[in-house]
Amino acid sequence: NARAHEPQTLSILGLGAMGTALAAALLDRGDPVTVWNRSPGRGDGLVERGAHRAGTIDEAVGGSEVIVTCLLRYASVRETLDPLAEALRGRTLIDLTTTTPDEARELGTWAAKHGIDFLNGAILATPPMIGAPGAQLFVSGPAAVHERTRAVLEVWAEIVYDGAEPGAASLVDLAMLAAMYQMFAGLLHGAAMAASVGMRATDFAARAVPFVAAMVPHFAGDAEIIDGGDYTVPGQQSLHFSDLSDIIRASDGAGANSSTLRAVQALIAEQVTLGHGDEGMARIYESLRREED
Ligand code: FVH
């Protein structure tokens, strides 16, 4: 039922790797799309497949009800859109550029000031994943804008609505990336340790990936403890036991840089000092989340 949505004319501003993938997915579904890129020479393949190339950015904005920006970063969005505030009035702007929560809020305020319906979006997918299972798109902004545009967005990814506050989608996106980068830093640190006994990184990966994949689901249990507010739940390995000192000695002995592990050790030590040594790893959430609700 690919076309069971209210058709809305749509322009994509920015034909980098991601903007091109977004436009291609619309063409795959048979939807019309107008495309624009700052520099010429991008989007020829899209035009060959039926996309309309706007000659100017004014044409791209003036010709569609929904304007999607997918640019390098927030500064490029403002540089591109600020001169077009009046042309955007009464239209819908969906920004899929990676932005910080504060930047998304600022863009939301700017849009409201100029009578522009605004939805902030954060893509959790690589360009080849767009339109395929596994791609996710977090969106936040007024519910009415989300509901009106959802059928269009669903061609790209599974949509997760993070509520009316525009910064929320960016915050959750960057929180997921924070988790991912720290996990990869951990794997790289492990590979650096294993190198001291002559293990190649590929061999370490072959053993570490299934192990970490089996461990990751345990985070759901930690999350239940955090939400329940009782860190004394029995059956957890205590912070006294997992103070990481053995691992750090092994890392130092292997000549690896132990700084990422020492950062985790400091969080554990803080909670032990505060008297929570008998509790489990979930407790260090209290050292990480310093702000009150
Ligand atoms: N690619 C990915 O895997 C990630 C997945 C997660 C989300 N991101 C975000 O998507 C935004 C765009 O990423 P991209 O991969 O399309 O990036 P590029 O291929 O480098 O294309 C950048 C486009 O931005 C245009 N641009 C840059 N500066 C300006 C400016 N000042 N004014 C107007 N347009 C500008 C650039 O145009 P040009 O250089 O060809 O003229 C490209 O169209 C990004 O936020 C990711 O974090 C993708």
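Projected onto the charge dipole of the chain (+1 at Lys/Arg Cβ, -1 at Asp/Glu Cβ, origin at the Cα centre), which of GLY253, HIS189, ALA17 gives the Cα projection farthest towards the positive end?
After comparing all options, I get ALA17.
For a quick check: sort SER64, SER11, SER76, SER245 by the number of other beta carbons within 10 angstrom, fewest at the front. Could the numbers behind the result be given before it?
Values: SER64 21, SER11 24, SER76 15, SER245 11.
Ordered from fewest to most neighbouring Cβ atoms within 10 Å, SER64, SER11, SER76, SER245 come out as SER245, SER76, SER64, SER11.
So how strong a dipole does region 153-293 carry about its Cα centre when Lys and Arg Cβ are +1 and Asp and Glu Cβ are -1, to the nearest 20 debye? List each step's numbers first, then the result.
Details: 7 positive and 20 negative charges, 187 e Å.
Result for region 153-293 is approximately 900 debye, rounded to the nearest 20.
For region 254-291, which GluC sites (Glu not before Pro) pass both filters: DSSP loop (anything but H, G, I, E, B) and at most 13 other C-beta atoms within 10 Å? Walk me through the numbers on the way to the answer.
On the way: sites: GLU270, GLU279, GLU286, GLU291; in loops: GLU279, GLU291.
Taking region 254-291 and a limit of 13 other Cβ atoms within 10 Å, the loop GluC sites (Glu not before Pro) found are GLU291.
Normalised by the number of residues in the chain, what is the relative contact order in percent for Cα pairs under 8 Å and 6+ residues apart? Could the numbers behind the result be given before it?
Details: 443 pairs, mean separation 34.6, N = 293.
Averaging sequence separation for qualifying contacts and normalising by length gives 12 percent for the chain.
Given the C-alpha centroids of region 35-84 and region 177-194, what is the distance between them in whole angstrom?
When both Cα centres are located, 37 Å separates them.
To test your reading of the geometry: what angle, between 0 and 90 degrees and rounded to tens, separates the Cα axis of helix 167-194 from the longest principal axis of the chain?
40 degrees
Give the angle, between 0 and 90 degrees and rounded to the nearest 10, that separates the Cα long axis of helix 17-29 from the longest principal axis of the Cα atoms of the chain.
Relative to the chain, helix 17-29 is tipped by roughly 60 degrees.
Please order SER259, SER242 by the number of other Cβ within 10 Å, starting at the fewest. Intermediate results must be reported in sequence, preceding the final value.
Details: SER259 10, SER242 16.
Sorted ascending by nearby Cβ count, the order is SER259, SER242.
Between helix 219-228 and the chain, what is the angle of the helix's C-alpha long axis to the longest principal axis, kept within 0 to 90° and rounded to the nearest 10?
90 degrees
³J(HN,Hα) across region 243-260 via Karplus (A = 6.51, B = -1.76, C = 1.60, θ = phi - 60°), whole Hz, x for Gly/Pro?
For region 243-260, the Karplus-derived couplings read 7, 6, 4, 4, 5, 5, 4, 5, 5, 4, x, 7, x, 8, 7, 9, 5, 5 Hz, x marking Gly and Pro.
What are the residues whose amide H is under 5 Å from the amide H of VAL35, where those residues sit 5 or more places off or on another chain and H is modelled from the backbone?
HN-HN under 5 Å from VAL35: ILE12, HIS52, ARG53, ALA54.
Once the dipole of the chain is set up with Lys and Arg at +1 and Asp and Glu at -1 on Cβ about the Cα centre, which of GLY198, GLN8, ALA54 lies farthest towards its positive end?
Ranked along the dipole, the leading option is ALA54.
What's the magnitude of the charge dipole for the chain around its Cα centre, counting Lys and Arg as +1 and Asp and Glu as -1 at the beta-carbon? Answer in Debye, nearest 20. Mind dumping the intermediate values first?
Values: 21 positive and 37 negative charges, 203 e Å.
So the dipole magnitude of the chain works out to roughly 980 debye.
Trypsin sites (Lys or Arg not before Pro) within region 229-293: which are DSSP loop residues with at most 12 other Cβ atoms inside 10 Å? Working shown, then result.
Numbers: sites: ARG249, ARG262, ARG283, ARG289, ARG290; in loops: ARG289, ARG290.
Qualifying residues, ordered by number: ARG289, ARG290.
If you filter region 140-209 for trypsin sites (Lys or Arg not before Pro), then keep DSSP loop positions with at most 14 other Cβ within 10 Å, what is left? Don't jump to the answer; show the numbers that get you there.
Details: sites: ARG148, ARG150, ARG200, ARG207; in loops: ARG200.
In loop regions of region 140-209 (DSSP not H, G, I, E or B), the sparsely surrounded trypsin sites (Lys or Arg not before Pro) are ARG200.
Every read-out reported here was derived from the displayed coordinates using simple, explicitly stated rules and does not represent laboratory data. Keep in mind that what you see is a predicted model, and the values were worked out from it rather than measured. We place every Cβ from the backbone using ideal geometry, glycine too, and count neighbours over all the protein chains shown.
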